[in-house]
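Here is the structure we will look at, set down as C-alpha cells.
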Amino acid sequence: MKLKISLFFFVFLTAIFLVHGPVSAQTATPRVSQEARITTIKTRSDIEIDKRLDSLNKAAARIAGAKKLSDADKQTFSTEIQKDIADLTALRAKIDTDTDLATLKADAKTIYTSFRVYAVFLPQIHLLSAADIMGVAADNLSAIATKLGTRLTELKGKGKDVSALETLLSDMNAKIADAKTQYAAVESEIVGLTPASYPGSTATIKDAREKIKTGAADLKAARNDAKQIRDGIHDLNKNNVKQ
Amino acid sequence: MLNNKIIALSLGVIVLAAGTYFYLNMNKAPRSSVTPSTQAVVKSGDNSDAQIDADLKAVDSNLNSLDSQSGNVDASINQTQTDPSSGF
C-alpha cells in the first residue's frame, strides 16, 4: 500500500514538473528574452526604415527628372515622397524610444502596412518612369517620322518610287501611336495607387508592366522601320536612275 | 501532458523558423535603385542624313534606358511578392 501511495505521488509530482517546468526558468528567462527581442526589433526596424528612406530620396530625384509626367502629377508624387520621408523618420524616432514590446511590434508592422514602399510606391514610380521614357522615345520617333516623310516627299517630287518606303512610314506611325496609347494607359492606371490599394494593386501593377512591354515592342518596331526607310532613302539617292 | 509539451516545443520550432525566414527576407540585399534619368531628345528641323542618323542614335539611347527601367520594374514587382507584410 505504501509503495502504491509513493508511486502515485512520484507520478503526480513528475507530471506537475513537466507541465510547469522549473520555477527559476519561468521567472528569469522571459525578462531577458523580452529585452533581447526589443533590441532585435528596433535594430531591424531601423535598417528597414533607412532602406526605405534611401529608396524614397532616389525616387524623388527620378520624379524631378521626368520629362513627360505632368507638372500636377510631379507635384503630387514629390509631396507624397516628402510626406513618407517625414512620417518614416518620425516612426523611426518613436520605435527607438518604445519600451513596451506589444507597442513596438505594432509600430514596426506599420513600416509595411502604412507605407507599402516596396509593394506599391516604388513599382509605381518605376512604372511611371518607364512610361515617361516611352513618351520621350515616342516623341523622338515622331520627329524622325516627320523628317523621313519630308525626305520621301522630296524624292517623290523627283520621280522616285517611294511606295514601299511610304508603307514602312505608315507602319512606323501606327506603332508610335500605339506606344503613346500604352504609356498614357499606364499613367492613368498607376497614378491613383496608394498604400491602401495593396494587395489589389499587385494585379494593376502587373497589367501596367504588360503595357510597358507592348509599348516597348512598338517603339523597337518603329525604330526598325525608321532604319529601313533611312537606308531606302540612302539607296535611292545613290541610284540616279529614275525608278 | 507530455503531448502538450511536445506540441508547445513544435510550435516554438515553427515560430523560430518563420522568424528566421522573415529576418532573412528583410535583410535580403539591395533593392533595385531608382536613379534620375536624362533622356536624349532629337533636334527638330534638320532632316539631313547625318541628323537623322544622330536622331536614331538618340532613340537607341531612349530604348536602352527603357530596357534598363523595365528591369527595375520587374525587380520591384518581384519584391512585392516577397514583402513580409505580416510584420516581424
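The values are calculated or read from the model by the stated rules, or taken from the named source; none is laboratory data. Keep in mind it's a predicted model, so treat the numbers as computed, not measured. As a convention, Cβ positions derive from the backbone with ideal geometry for all residues, glycine included, and neighbour counts pool all protein chains shown. Accessible surface areas use protein heavy atoms only, side chains included; no ligands, DNA or RNA. Shrake-Rupley method; radii C 1.70, N 1.55, O 1.52, S 1.80 Å.
For the reader, a short list of remarks on this structure follows.
- Residue match in region A:136-146 (condition: under 19 Å from B:Asp60 (Cα atoms) and more than 11 Å from chain B (Cβ to nearest Cβ)): no
- Take the conditions (1) open to solvent by 50 Å² or more (accessible area, probe 1.4 Å); (2) part of a loop (DSSP other than H, G, I, E, B); A:Leu193 misses just one of them, which is (1).
- Qualifying residue in region A:113-129 (condition: closer than 25 Å to B:Gly71 by Cα, out of contact with any Ser or Thr (no Cβ under 8 Å at 6 or more places or on another chain) and facing chain B (nearest Cβ under 7 Å)): yes
- Only one of the numbered conditions (1) modelled with pLDDT of 95 or more; (2) open to solvent by 50 Å² or more (accessible area, probe 1.4 Å) is violated by A:Ser188, and that is (1).
- Enumerated helices (runs of 4 or more DSSP H) restricted to region A:23-141, each holding at least 3 residues that are touching a strand residue (DSSP E or B) at 6+ places or on another chain (Cβ under 7 Å): none
- Yes/no for A:Ala184 being part of a helix (DSSP H, G or I) and under 22 Å from B:Ser61 (Cα atoms): yes
- Filtered by the rule that a residue be more than 16 Å from A:Asp96 (Cβ to Cβ) and surrounded by fewer than 18 Cβ atoms within 10 Å (Cβ to Cβ), region A:44-57 gives A:Asp54, A:Asn57.
- Any hit, region A:92-111, residues being at pLDDT below 95 and within 18 Å of A:Pro123 (Cα to Cα): yes
- The residue that is farthest from the other protein chains (Cβ to nearest Cβ), counting only those in region A:97-106 that are surrounded by fewer than 20 Cβ atoms within 10 Å (Cβ to Cβ) and in contact (Cβ under 8 Å) with a residue 60 or more places away in the chain, is A:Thr99.
- Scanning region A:199-223 for residues that are more than 8 Å from chain B (Cβ to nearest Cβ), buried (at least 20 other Cβ atoms within 10 Å of the Cβ) and not aliphatic (A, V, I, L, M) gives A:Ser201, A:Lys211, A:Gly215, A:Asp218.
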